[in-house]
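S.K.: Have a look at this one before I ask anything.
The values are calculated or read from the model by the stated rules, or taken from the named source; none is laboratory data. Please read these numbers as outputs of a predicted model, since none were measured by experiment. Don't worry about glycine lacking a Cβ; one is built from the backbone with ideal geometry, like all the others, and counts go over all protein chains shown.
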Amino acid sequence: MKTLYRILSIAIVIMMVVPAYSQKKVKNKDFKTKLKYAKKEAKDLEKDGWFVAPGNLPLEKQLEKTYQKSLEEDENGFPAYLVASGNSLAGTQSAAKLQATELAKLEIANQLSSQIAATIDNQIANNQINSEEAATLQKTVAVAKNVVAQKMGRVIGLVEMYRKNEKTKNVECAVRIAYSQALARDMALQAMKESLQDEANIAADKLDKLLDF
């Protein structure tokens, strides 16, 4: 298991290159290009019957906000936010929005777990650990994914739009949300620590030293 902890420690160091509370910035050139896309995309969506709820920003402005968040970087040039979308059909706007948001949260958890899994895979290949250790590491990724999806809490709403299904009279909702990549990462790594502690049956303080937190 020592090799297992060493591999995860290296993966964690790589993931922690992004500071949890770093200053965020946007590439102005890229953002100006995206603004043109936002205007066209808004027109196309409105032609397809999509509309925003009263009191919300116009669809074009919501899309601009989405592009801004997707382009924001921390001081090291890494993406500052995970951005995802969700779509759902329900009898009311509120029910459709709730379901769509939960699907978007799950997508963010999927994105994060894929990043961590890729980092671990690289370390597995480089260090040639055995299949049992690899399986244990992959199990912690699945645990982290579930924890992030369940405990994500408040997210940044970027897009919230609706359209009515004339046949079923139901309401379709599409949302796009953002969540701090640093916060999601920290949540995932904590879940992985706890999962490994259960597997190895060792004290938390010893595990902290092994993982070099």
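S.K.: Within region 150-185, work out how many residues are touching a Ser or Thr at 6+ places or on another chain (Cβ under 9 Å) and either under 16 Å from residue 111 (Cβ atoms) or hydrophobic (A, V, I, L, M, F, W, C) (or both).
M.R.: Qualifying residue count, region 150-185: 12.
S.K.: For the structure I just gave you, tell me whether residue 181 is modelled with pLDDT of 85 or more and in contact with a helix residue (DSSP H, G or I) (Cβ under 8 Å, 6 or more places away or on another chain).
M.R.: On the way: modelled with pLDDT of 85 or more: yes; in contact with a helix residue (DSSP H, G or I) (Cβ under 8 Å, 6 or more places away or on another chain): yes.
Here the answer is yes, as residue 181 does meet what is asked.
S.K.: Can you confirm whether residue 109 is within 14 Å of residue 150 (Cα to Cα) and either out of contact with any helix residue (DSSP H, G or I) (no Cβ under 8 Å at 6 or more places or on another chain) or surrounded by 15 or more Cβ atoms within 10 Å (Cβ to Cβ) (or both)?
M.R.: Yes.
S.K.: Still on this structure, please answer the following. Go through region 139-182 and give me each residue that's surrounded by fewer than 16 Cβ atoms within 10 Å (Cβ to Cβ) and part of a helix (DSSP H, G or I).
M.R.: Hits for region 139-182 are 139, 142, 146, 150, 151.
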